[in-house]
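Right, one structure below, let's go through it.
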């Protein structure tokens, strides 16, 4: 006769054995389906005498089906205590005993990691506390363990705590701007700047490496060290398109090429271009430099000045160069040779600032008569931007941000008292600019008070922007910040002082004055 280890009883016979030995009464047990004649529905009692006879089989559901006429189970001759594990099986033939092991034995085959009967596996639904510090604890939802700290959801500034009286999550403080509550600890931590505005799991560039934003955007994990600018790493590693240039001072992007101009400071200047895919450098204009350039789909426009001193070009001019043929056309003269640094385009006109007179002028793209839009306002030599019929100017000498309606010439002050505003970017809602004192500023186009978005930048200049970010040069690093503000971060790319920037839908380009390089980085 075979000897079975005592197990957790699921069958009618197993329950009878255990209860008989302990003179137990079991009621309302419904562990499975009973056969046709197994008894009535749950609610009747199963009484067992010391001999183990079943006196009422009603209401018992076994773990496996019980056949018709379950009858009684013969007495079992066994002596049990709480540590015994062997029972001599005296069951009648054809009376199955179905058992599971309460204390798993390595010598017995079968699964040992299943949960006990009526003990389902626990799962975390985000609303209750797991018992450790740091949880997703949504306000007013149930919690289990008093005084455990949590967060009101992922990427939340709201800290929570499990209230011991109500056993619900209650408010427990708010993180500062630029911080989120860490759901692993309940503490406030600074959002990783590169992850701001992204989602957990998004891939971003951090110091030239491809990384993944962690939970709550408070950490990153490196995916690729990006030794080369290929694949996804192309947006983390800039490509050097040209080197050995003589102090490049301006840059423009077109669909197929990157244009730039070398300075006339100590060496002959010129305007050059190279394919965005790399290749040989082509000379576009050899006898003059361009202090500022901008491109559209067909032409590159620039403010030409003598390429070296002395020069036959005694004053500067506004020019355009056809991208397809390289043909240059002079559109208008400048009022003096050197001090002009602002250029902008509308659909129909080229706008520029002229140095010592302190004027803003325009000329049709196809050529014609030039006209003054604003000024003279000597000694300002502003950088400018055009948006929706208005030219905006950053005037470093007077410390002002001005706006001028191009039709009618009405000029008004947007912001005064600025610390040497030097470059600017405009979108549908705001005017952004850099201050020489190290601030990144903005003001609504409709007016109001200026906002300081960032401080501590080193001689910021060359600002450009797109639908999500503003970019600028900070004395050797290309910086980037979301339009709403936050912590600026570096693209990991040195530009050298006075480096000019250009931006289009796919790429950011810059000319490195110190390094003499022309760089391109995918956005």
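For this structure, a couple of remarks:
- Mean separation of Cα contacts under 8 Å (6+ apart) over length of the stretch 127-190, as relative contact order %: 31
- Inter-label distance, nm, simple model (7 Å from Cα along the C-beta direction), residue 444/residue 482: 2.1
- Computed E for residue 419/residue 346 - FRET, C-beta separation, R0 30 angstrom, nearest 0.05: 0.50
- Dividing the Cα radius of gyration of the stretch 364-474 by its Kirkwood radius returns 0.97 for Rg/Rh.
- Footprinting exposure proxy for 349, 317 (fewest neighbouring C-beta atoms within 10 Å first): 317, 349
- Cα Rg, Dmax (largest Cα-Cα span) when computed across the stretch 238-522, Å: 17.5, 49
- Among 247-255, 184-192, 197-205, the peptide with the highest mean count of other Cβ atoms within 10 Å heads the list, and the full ranking is 247-255, 184-192, 197-205.
- Distance between modelled label sites at residue 227 and residue 317, nm, 7 Å Cα→Cβ extension: 5.2
- Label point distance in nm, residue 147-residue 202, each placed 7 Å from Cα along Cα→Cβ: 3.9
- Between the beta carbons of residue 286 and residue 372, assuming R0 = 22 Å, the FRET efficiency works out to 0.10 to the nearest 0.05.
- The residue 452 and residue 325 beta-carbon pair, evaluated with R₀ = 41 Å, returns a calculated FRET efficiency of approximately 0.30.
- The length gained by stretching the chain between residue 168 and residue 468 to full extension, at 0.36 nm per residue less their Cα-Cα distance, is 104.1 nm.
Each reported figure results from applying straightforward, stated rules to the coordinates on display, with no laboratory input. Everything numeric here is computed off the predicted structure, so don't read it as measured data. Neighbour counts run over all protein chains shown; Cβ positions are idealised from the backbone, glycine included.
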